[in-house]
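Worksheet: the structure to be examined is printed underneath.
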Amino acid sequence: MDRDTPTFNLKAVVQETGIKPDTLRAWERRYGLPEPDRSAGGHRLYSQRDIDTLLWLMARQDEGLTISRAVDLWRGIENEGRDPLRVPEYSLTSNGAMSMQGEEIRSIRKGWVDSCLAFDERSAERALAQAFAVYPVETVCLEVLQKGLQTIGDGWYEGTVSVQQEHFASALAMRRIDAMLGASPLPTRTGRILMACPPGEEHVFGQALLQLLLRRRGWETIYLGSNVPLERLEGSVEMVRPHLVILTAQRLQTAAALKDMAEMLHQRGFSVGFGGRIFTELEDLRDRIPGHFLGETIKGALDRIQDLVPMAPPLPAPKPTLPIYKSALSDFQINLLPINARVSQLMHADHITPSQLSSANLNLAQNVVSALKLGSIELLGVDIEWTKGLLNNHRLSHVTLVQYLKAYAQAAAEYLSHEGQPIVAWLESTGASIATETGISFNGHDKGSVNGSKNGLHT
C-alpha cells in the first residue's frame, strides 16, 4: 500500500496512536499536522505517513518537547529540504517509544479493553498478567492501562461505550495501580512530593499512575487524591513541607480551581508542578498558572520532575488577569440567578427537559466563571467544541445548542451591564458560528422579543 494514500479513518488512527480525537483535531487545527484528506461524506481519511507523523511527534514529546516545539522541529527539518521521518537521529525505528507500538502490545491492550467492555474481570486480569510477563511495568501501565482507558473513554464520547463499562474498567485499572503502589519499595531519593487534584476533579488515574512511576524511581510521594478542598491542601503542605506539589486538572472548571491552589502555594513559598488534559489542549493556559508545566505526557513529566526536585528553577511571573475580565466576572455572578430564570422562559417551548436545562445552565455558568478567572473568555471554546463533537458522535442535531446559546445571549444582554459585554459578545459570536456551520438561523438577542429594557425587567 502507498504510504501516502488516505486509507484510515479517525477511529483507526486513535487506536494506532492512542491520541484522543479531541487532541488530534486540535493539533490539526493549530499546527496543520497531520493533514488528512476528506471522504465524500466529509469524514477525515489518514495515510500511513500521517500515522507515522503522529508517532514521530509523540516520540519527541516522550523526549521532553512540548507539542508546539515538536512541530517547530518538524517544520525546521522540512525547511532544510529533509524528510523528518528519514532523519537518522529522529528515526522511529530507533526510538524506544516505537517498540511499544508493536502488534503484540496492541493485541494485549485490545484484549484487556474487550474484556472490560464485557465485564469479564477474569479475562481482563489474565490479559494484564500476560502483559506484565513480557513487558516492563512502565510499558504495561502506559500502553495497556492508560491507552486502554483512553480507548474506552473515546468509546463513551462516541456513544459506543456505557458509563457502567467505563466505570468498571477504571475500577480495575485503579485497583491494579493501588496493588503495585502497595508493593513498591521504600524511597531512595532525597525530596518529598505531595500530589493532589483540585476541588471538583474526579479523574485521578493519570495522577495515580504518575505517583506509581515516581515511587518506582525512588521518590517519596504523598497522595491526597481527588477533589481536595483548598483548606485541606493548605493544612497538608504546612504539615508535610514538600519539595514539590503536583496538581492535575482535566477540565476548564478544575483548572480554575487548580489556579487558586497554585497561587496559595506560591504565596507560601512551595514549588508547584502541574499538568492534565486541559493544559495539553489549551497551551494558552500554561502561563496563567504560577507553577511549572510538567509536559504533555507522563514520561515527559517524570523527567521534568527530576529537574524540579529538590531545587526548583525560578518561576516566571504568570500572565495577569485583565481588569475587563475581573469586572465581567463580578457582573455575571451578581446577575446569574435572573439570567438563568430568563433562559428558562426563553427555552420553555423548545425540545429540552427542565433537568437538562438546569444542568446546561449550571455547566455553562461554571465554565464562564472559570474562563474569566483564568483570564480569557475565549477559553470557553474548548467546552463548546467538546459538546459539538459529542452531539455529532451521537447523531444529534445542533439546533438545540444554537437555540440555547441564543437564549443565553439574549438573557445575558438583558441583565448584564456594559462590564459583562465580553460574555454577551462571545455567546452571540459562538452561537452564530455554529449556526453558520449547520445552516441554522441565528440573529443574536432580539430586544423586541422581551418585555422592556433591562431596567424595566428589574422594576
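Read-outs: derived from the displayed coordinates by stated rules, not from any lab. This is a predicted model, so every value here is computed, not measured. Counting neighbours? That spans all protein chains shown, and the Cβs are built from the backbone with ideal geometry, glycine included.
Evaluate the distance, in nm, between pseudo-label points positioned 7 Å from the Cα of residue 43 and of residue 114 along their respective Cα→Cβ axes.
Once both label points are built, they end up 2.1 nm from each other.
Using helices alone, I'd like the mean residue ellipticity at 222 nm for the chain: each DSSP H run of four-plus residues gives -39500 (n - 2.57), total over residue count, nearest 500. Display every interim value, and only then the final one.
Values: 22 runs with 268 residues, N = 459.
Mean residue ellipticity, 222 nm, calculated: -18000 deg cm²/dmol.
Take the Cβ-Cβ distance between residue 28 and residue 239 as r, set R0 to 35 Å, and report the resulting FRET efficiency rounded to the nearest 0.05. Let's see the in-between values first.
Values: r = 46 Å, r/R0 = 1.32.
Computed FRET efficiency for residue 28 and residue 239 comes out at 0.15.
Taking the Cα centre as origin and putting +1 on Lys and Arg beta-carbons and -1 on Asp and Glu beta-carbons, what dipole magnitude results for the chain, to the nearest 20 debye? Don't jump to the answer; show the numbers that get you there.
Values: 46 positive and 53 negative charges, 123 e Å.
Dipole about the Cα centre, nearest 20: 600 debye.
At what distance in nm do the modelled label points of residue 68 and residue 11 sit from each other, each positioned 7 Å from its Cα along Cα→Cβ?
3.5
What lysines could a cross-link reach from residue 147, if we take a straight Cα to Cα line under 27 Å and drop same-chain neighbours fewer than 8 places away?
Straight-distance partners of residue 147: 11, 20, 110, 299, 388.
Give a residue-ordered list of calculated ³J(HN,Hα) values for the stretch 260-268 (Karplus: 6.51 cos²θ - 1.76 cosθ + 1.60, θ = phi - 60°; whole Hz; x for Gly, Pro).
With the stated coefficients, the stretch 260-268 comes to 4, 4, 5, 5, 4, 5, 4, 5, 8 Hz.
Grab the Cα-Cα distance for residue 171 and residue 3, subtract it from 0.36 nm times how many residues apart they are, and report the gain in nm with one decimal. Please list the in-between numbers first.
Details: separation 168, 0.36 × 168 = 60.48 nm, distance 3.93 nm.
That works out to 56.5 nm of additional length.
Can you compute the FRET efficiency between residue 231 and residue 438 using 1/(1 + (r/R0)^6), with r the Cβ-Cβ distance and R0 = 45 Å? Round to the nearest 0.05.
Details: r = 45 Å, r/R0 = 1.01.
With a Förster radius of 45 Å, E is 0.50.
Given R₀ = 25 Å, what would the calculated FRET efficiency be for residue 267 paired with residue 378, taking r from the Cβ atoms and rounding to 0.05? Please report the intermediate quantities before stating the final value.
Details: r = 28 Å, r/R0 = 1.11.
Plugging the Cβ-Cβ distance into 1/(1 + (r/R0)^6) gives 0.35.
Give me the extension gain from residue 418 to residue 388: residue separation times 0.36 nm, minus the current Cα-Cα distance, reported in nm with one decimal. Intermediate values should be presented prior to the final figure.
On the way: separation 30, 0.36 × 30 = 10.80 nm, distance 2.93 nm.
That pair, residue 418 and residue 388, stretches by 7.9 nm at full extension.
Can you give the local net charge around residue 371? Use residues other than it whose beta-carbon is closer than 12 angstrom to its beta-carbon, Lys and Arg +1, Asp and Glu -1. Provide the component values of the computation, followed by the final result.
Details: positive: 251, 259, 288, 373; negative: 284, 378, 383.
Around residue 371, the surrounding residues sum to +1.
Give me 141, 197 sorted ascending by neighbouring Cβ count inside 10 Å, so fewest comes first.
Numbers: 141 24, 197 29.
Fewest-to-most Cβ neighbours within 10 Å comes out as 141, 197.
Residue 83 versus residue 260, label points 7 Å from Cα toward the beta carbon: distance in nm?
5.3
Calculate how many DSSP beta bridges within the chain are antiparallel, expressed in % of all such bridges and rounded to the nearest 5. Before the final figure, lay out each step's value.
Numbers: 3 of 17 bridges.
Antiparallel: roughly 20 percent of the beta bridges in the chain.
Put +1 on the Cβ of each Lys and Arg and -1 on the Cβ of each Asp and Glu in the chain; which of 354, 148, 247 then has its Cα farthest toward the positive end of the dipole?
247
Quick one: length gained pulling residue 356 to residue 322 fully straight, 0.36 nm per residue minus the C-alpha distance?
Working: separation 34, 0.36 × 34 = 12.24 nm, distance 3.34 nm.
8.9 nm is the gain from fully extending residue 356 to residue 322.
Could you give me D for the stretch 103-182, from Stokes-Einstein at 4 °C and 1.567 mPa s, where the hydrodynamic radius is the Kirkwood radius over C-alpha pairs? Units µm² s⁻¹, please.
Values: Rh = 12.4 Å.
Calculated translational D: 105 µm²/s.
May I ask you to order 168-179, 67-78, 280-291, 38-49 by the average number of other C-beta atoms within 10 Å around their residues, highest value first?
Working: 168-179: 17.4, 67-78: 15.8, 280-291: 19.8, 38-49: 13.5.
Packing proxy ranking, top to bottom: 280-291, 168-179, 67-78, 38-49.
P(r) of the chain in 10 Å steps, Cα pairs, percent per bin?
That works out to 4, 18, 27, 27, 17, 6, 1, 0, in percent per bin.
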